[in-house]
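Worksheet: one structure, shown below.
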Amino acid sequence: MGVEGLKAVLPIAGLGLRMLPATKEQPKEMLPVFAKSRSGGLCVKPIVQLIFEQLFDVGIREFILVVGREKRAVEDHFTPDQSYLELIRKSKNSLLSDFEEFYRRISDSILVWVNQPQPLGFGHAVLICEKTVGDSPFLVHAGDTYIFNGGQAIEKMYRHFVETGAEAVLLLQEVEDPRQYGVAEVSEVGGVLRVKRVDEKPEKPRSNLMIVPLYIFRRSIFETLKSVRSGVGGELQLTDGIQRLIEWGHRVDAIMLEDGLKIDVGTPQLYWEALQLSYRLSTSS
């Protein structure tokens, strides 16, 4: 089953405070990581480009990107520049085909840019997309985390979403210390993981299941986000909107991330680990 018709929301308007000063002018989602070029060699790509390409490859064609004020780097990067392409062609750069393929995918997609004037939280970034999303089911993907088998995970989540009629489907992963993440408490019902409760960065986690920042929702999430107050960090948290879905009696299910290989550029330590892992995977045969 493909995911054609599913829209994607990418909230990439955060200030990236933990990655300063590198993120003073550029979003952290534009930080480069290693990737394998179309010719089989090594190249570097902004992590948000890797995410876009992965979502495109599973069939998504409508992208809603939430950006912050004064940081135009992402919009500029996703704007095809034919004069730049011609310079690459004249220089006989081996990465020409990568640029042409990236631009082809952009031209075959609908990209909508939504401005989040103030960094009011991940949940707020999703909420301001309500009119653009409309009544369609949609995927939310944090732009600073890349899952190497993310395409398979998305297809599995969407299949479950369609077949069960769940109001939301989350992606979970077991970790030793989930305190810096959203955490889910689940029960198994007929072989299905039913989410009983979610908490954002709890001091005493109820489980070791972190919420990977990849979700599929129906429009009911907008109503719950309108009903909750600012949470952790004084921001509107998406996790709180999910918890309200549960409290209102909606079905929220979860899928486990079977292959835990993912990278995150949210902190200097995580970025260093992302460079190491992306290099290793991009240079392996």
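The values are calculated or read from the model by the stated rules, or taken from the named source; none is laboratory data. These numbers were taken from a predicted model, which means no experiment stands behind them. A quick note on method: Cβ atoms are made from the backbone with ideal geometry, for glycine too, and the neighbour counts reach across all protein chains shown.
Filtering region 154-170 to residues that are surrounded by 22 or more Cβ atoms within 10 Å (Cβ to Cβ) and among the hydrophobic types (A, V, I, L, M, F, W, C) leaves 154, 157, 161, 166, 168, 169, 170.
Residues are listed down the side, and each one gets a yes or a no for (1) among the aliphatic types (A, V, I, L, M); (2) in contact with a Ser or Thr (Cβ under 6 Å, 6 or more places away or on another chain); (3) farther than 18 Å from residue 3 by Cβ:
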site: 85; (1), (2), (3): yes, no, yes
site: 109; (1), (2), (3): no, no, no
site: 121; (1), (2), (3): no, no, yes
site: 124; (1), (2), (3): no, no, yes
site: 139; (1), (2), (3): yes, no, no
site: 142; (1), (2), (3): yes, no, no
site: 145; (1), (2), (3): no, no, yes
site: 152; (1), (2), (3): no, no, no
site: 163; (1), (2), (3): no, no, no
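For (1) within 24 Å of residue 144 (Cβ to Cβ); (2) modelled with pLDDT under 95; (3) in contact with a strand residue (DSSP E or B) (Cβ under 7 Å, 6 or more places away or on another chain); (4) not in a loop (DSSP other than H, G, I, E, B), each residue gets a yes or a no:
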| residue | (1), (2), (3), (4) |
| --- | --- |
| 215 | yes, no, yes, yes |
| 246 | no, no, yes, yes |
| 266 | yes, yes, no, no |
| 270 | yes, yes, yes, yes |
| 282 | yes, yes, yes, yes |
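Of all the listed residues (150, 134), the sole one being crowded, with 17+ Cβ neighbours inside 10 Å and at pLDDT below 95 is 150. The set of residues in region 173-220 that are crowded, with 18+ Cβ neighbours inside 10 Å and on the phi > 0 side of the Ramachandran plot is empty.
The criterion of at least 1 residues that are touching a Cys at 6+ places or on another chain (Cβ under 9 Å), polar (S, T, N, Q) and in contact (Cβ under 8 Å) with a residue 60 or more places away in the chain is met by none of the strands (runs of 3 or more DSSP E) wholly inside region 138-211.
Restricting attention to region 44-64 and to residues that are in contact (Cβ under 8 Å) with a residue 24 or more places away in the chain and within 22 Å of residue 267 (Cα to Cα), the residue that is farthest from the chain's Cα centre (by Cα) turns out to be 46. Here is the figure for region 84-99: residues that are more than 29 Å from residue 13 (Cβ to Cβ), in a helix (DSSP H, G or I) and either among the charged types (D, E, K, R) or out of contact with any helix residue (DSSP H, G or I) (no Cβ under 7 Å at 6 or more places or on another chain) (or both) total 6. When restricted to residues that are surrounded by 11 or more Cβ atoms within 10 Å (Cβ to Cβ) and at pLDDT below 90, region 59-83 contains 7. For region 30-58: of the residues being in a strand (DSSP E or B) and either more than 29 Å from residue 284 (Cβ to Cβ) or of a type outside the set (A, V, I, L, M, F, W, C) (or both), which is modelled with the lowest pLDDT? Checking each candidate, the answer is 36. Only one of (1) touching a helix residue (DSSP H, G or I) at 6+ places or on another chain (Cβ under 7 Å); (2) in a helix (DSSP H, G or I); (3) free of Cβ contacts under 8 Å to residues at least 40 places away in the same chain is not met by residue 80, so which one is it? Of everything listed in (1) touching a helix residue (DSSP H, G or I) at 6+ places or on another chain (Cβ under 7 Å); (2) in a helix (DSSP H, G or I); (3) free of Cβ contacts under 8 Å to residues at least 40 places away in the same chain, residue 80 misses just condition (2). Can you find a residue that is within 18 Å of residue 16 (Cβ to Cβ), of a type outside the set (Gly, Ala, Ser) and in a strand (DSSP E or B) anywhere in region 121-133? No, the conditions are met nowhere in region 121-133. Within the bounds of region 113-135, is there any residue that is basic (Lys, Arg) and either closer than 25 Å to residue 170 by Cβ or touching a residue at least 24 places away in the same chain (Cβ under 8 Å) (or both)? Yes - at least one qualifying residue is present in region 113-135.
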